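Asks: This is the structure, below, for whatever I ask next.
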Amino acid sequence: MVEREDVGSWLSGPPVGGGAGAPRGSRLGLPPSGRGSPAGMGRRVGALVVDWLACQAIAYAFFDAHPLIPLAVFALENLLLVGTIGATLGHALFGIRVRRLVAPRSLRDDGAPHDPGPDLPAGPLRALVRTVLLCLVIPAAVWDGDGRGLHDRLAGTAIVRR
C-alpha cells in the first residue's frame with residue numbers, strides 16, 4: 001500500500017533538514033518548542049479573531065458601514081504593525097509574532113544547514129506581500145508541512161511564539 005509519506009506533498013517540497021517525522025519548523029531552522037518555535041493553530045486563530053473583531057469595531061465606530069471597510073482596516077493594521085514591530089494586536093495578546101526568514105535551504109546551493117537568520121520583524125515589503133495574500137484568504141488557508149500558510153511562505157516569514 002502507498003502511504004502519504006511515500007508520495008509527499010507538492011507544498012512540502014523536497015525533504016530538507018530532519019525529513020519525515022521531524023518536528024514542525026525544523027526545516028526552517030526553528031526550535032521545536034519554546035520561544036521562536038512555530039506558533040500553533042489555536043494561537044493563530046485566536047489572534048486572527050481578536051484582530052478581526054477589533055477592526056470591525058474600528059470600522060463601525062469611525063467609518064460608514066460599507067462591508068469592505070473592516071477588511072481595509074484589517075489590511076492597514078497588518079501592514080503597519082507586522083511591518084514595523086512584527087505583531088498585530090491579536091498576535092501580541094496571544095504571545096506570537098511574525099518574523100523574517102532567510103531563503104530556505106532548497107533555494108541555497110552550498111548544502112549548509114539552514115539558519116533562519118536574525119530574529120527580525122518582517123519589514124515593510126514582506127508585510128505588504130503577506131497582507132495582500134492574507135486578505136485574499138485562500139493563500140492563508142493553504143498550509144505546508146511546517147504549518148506556514150502560503151502567504152507566509154511567499155513572503156518569507158513565519159509566525160513564531162514569543
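Asks: Before anything else, pin down the relative contact order of the stretch 31-161: Cα pairs under 8 Å, at least 6 apart, normalised by residue count, whole percent. Don't skip to the answer; put the middle values down first.
Replies: Details: 189 pairs, mean separation 37.8, N = 131.
Here the relative contact order equals 29 percent.
Asks: Can you pull the three principal axis extents for the Cα set of the stretch 31-161, in Å, largest first?
Replies: Each principal axis gives a Cα extent; for the stretch 31-161 these are 55, 26, 25 Å.
Rule-based calculations on the coordinates, nothing more; no lab input. All of these numbers come straight from a predicted model, not from anything done at the bench.
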